[in-house]
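Presented below is the structure to which this report refers.
The values are calculated or read from the model by the stated rules, or taken from the named source; none is laboratory data. The structure presented is a predicted model; accordingly, all values stated were derived computationally and were not measured. Please note: Cβ atoms are built from the backbone with ideal geometry, for glycine as well, and neighbour counts cover all protein chains shown.
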Amino acid sequence: MSVPARRTASVVATLAMAAIAISCAESPTAPVKTPDAGCPIGAVAPLGVGEGPALARVQDGCAVRSRIAIPLTAVIDMNDAAQVLGRDATGGWVVWSRAAGKRVLTAPQGASTWQPLDLDKAGRVLGTAMVGGSPQIIVWHPDGEYTAFATPREPAVAWNDNGVVIGGKDGNMVRYSAQAVDRIQATTSKGHSPIARYVTSNDVIVGDYWEYTQRGVFRYDHVGGFKSLFTMPRHEPAVRGANAAGQILTTDAADPTGRDRRVRLWNGTTLNEIPGMSDAVALSETGEVLGIGTVDGAVRILTWTATGGTREIMERSTQSTAPIALNSWGDILGTVGSVPTVWTWAPERW
């Protein structure tokens, strides 16, 4: 395979081209699915190892997502277009789909280390690299080439499908967009520095900050500026997701050992606990929550919706399972044992 060319461009020019490209490569519209589809906790009968055909099915009177193995050795993200970011049997980073097979990501020129982070709906991959001792933001494109952004002081943290990248380190925040490169000087009322964690599809930055013994959660945009939303007074607080509807997913624990963990969802005015969940993984644009909880003495993958409540998403496997990502179709990426797996309402896409 020939080595793809390296593109060099300013952050502004690069993201301007990216915004144009993504407008021509929209993912298919997610289907309308029953929001409370799934099985109430404890309602799923056990199945044997390896069972779960790639066919939509109903079990014990409740809809069950189809379980499909993904031909990779490790996975870290997926998008709405049924593409998965992960490693193949050679140990290399690839983007895989059933329709197109594998697209190999190549190491940036001169990079001592590099790491893909996120996959957008157009199939572009955001990552970071160390080149000459300095961090760079890297975007791998569907045509096999990659772009190295101007070296930032703050490494990339996350991005959205509009081509807006956020970075952050030691309380500094930076926002890269097609319009500008903004170094965001924001502090809390008591002088503490915020750290960016997510940028939503409507370009709102969500993150957190330490304020003495509590961690606060904030939102930031160009119109409203910095706004502190709520605090998490318990131990091990973390922001686990945010969407354009203004919802923010959080977790915390009762003490430093992680005892009595809970998952809560901010709806714009209040924090509400997600029943049955002990840890959270992702929040979709439709408001669906993906997490885990203990059911009948074992850790299970769970989802939550406002109309359906907390549900088990799959058959009981005798192997350990772990969720990794959730998309707007309700597809769930995870593992069964060591096997990368997708649970889906639309198996024909996979």
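Give me a count of the residues in segment 236-246 that are surrounded by fewer than 20 Cβ atoms within 10 Å (Cβ to Cβ) and in contact with a Phe, Trp or Tyr (Cβ under 9 Å, 6 or more places away or on another chain).
1
Select, from Trp304, Trp329, the only residue that is within 21 Å of the chain's Cα centre (by Cα), outside any strand (DSSP E or B) and crowded, with 22+ Cβ neighbours inside 10 Å.
Trp329
Of the residues Thr294, Thr251, Thr269, only one is of a type in the set (Ser, Thr, Tyr), free of Cβ contacts under 8 Å to residues at least 60 places away in the same chain, buried (at least 22 other Cβ atoms within 10 Å of the Cβ) and farther than 27 Å from Ala82 by Cβ; which?
Residue meeting the stated conditions: Thr251.
Just to be sure I understand, how many residues within segment 64-83 are assigned to a strand (DSSP E or B), buried (at least 24 other Cβ atoms within 10 Å of the Cβ) and under 12 Å from the mean Cα position of the chain (by Cα)?
So the count comes out to 1.
Is it the case that Arg183 is farther than 22 Å from Leu271 by Cα, of a type in the set (Lys, Arg), out of contact with any Asp or Glu (no Cβ under 7 Å at 6 or more places or on another chain) and modelled with pLDDT under 75?
yes
Looking at segment 276-291, which of the residues that are under 26 Å from His235 (Cα atoms) and acidic (Asp, Glu) is surrounded by the most Cβ atoms within 10 Å (Cβ to Cβ)?
So in segment 276-291, the residues under 26 Å from His235 (Cα atoms) come out as 276-284, 287-291.
Next, only the ones that are acidic (Asp, Glu) stay: 279, 288.
Working: Asp279: 18, Glu288: 22.
Applying the filter and picking the extreme gives Glu288.
For segment 71-120, give me each residue that is of a type in the set (S, T, N, Q) and either free of Cβ contacts under 8 Å to residues at least 40 places away in the same chain or under 18 Å from Thr341 (Cβ atoms) (or both).
If the condition is that a residue be of a type in the set (S, T, N, Q) and either free of Cβ contacts under 8 Å to residues at least 40 places away in the same chain or under 18 Å from Thr341 (Cβ atoms) (or both), then Thr73, Asn79, Gln83, Thr90, Ser97, Ser112, Thr113, Gln115 are the ones that fit.
Going through Pro323, Pro347 one at a time, which residue ends up being closer than 16 Å to Ala69 by Cβ and surrounded by 23 or more Cβ atoms within 10 Å (Cβ to Cβ)?
When all the criteria are applied, what remains is Pro323.
For segment 113-135, indicate whether the set of residues that are farther than 19 Å from Asn162 by Cα, polar (S, T, N, Q), modelled with pLDDT of 95 or more and part of a strand (DSSP E or B) is non-empty.
No, segment 113-135 has no match at all.
How about segment 218-273: which of its residues are hydrophobic (A, V, I, L, M, F, W, C), farther than 22 Å from Ser201 by Cβ and part of a loop (DSSP other than H, G, I, E, B)?
Correct list: Ala254 only.
Could you grab me the full set of residues in segment 85-104 that are assigned to a loop (DSSP other than H, G, I, E, B), farther than 15 Å from Thr73 by Cβ and not charged (D, E, K, R)?
Here is the first cut: in segment 85-104, the residues assigned to a loop (DSSP other than H, G, I, E, B) are 88-92, 98-100.
Right, trim to farther than 15 Å from Thr73 by Cβ and you get 98-100.
Within segment 85-104, Ala99, Ala100 meet the criteria.
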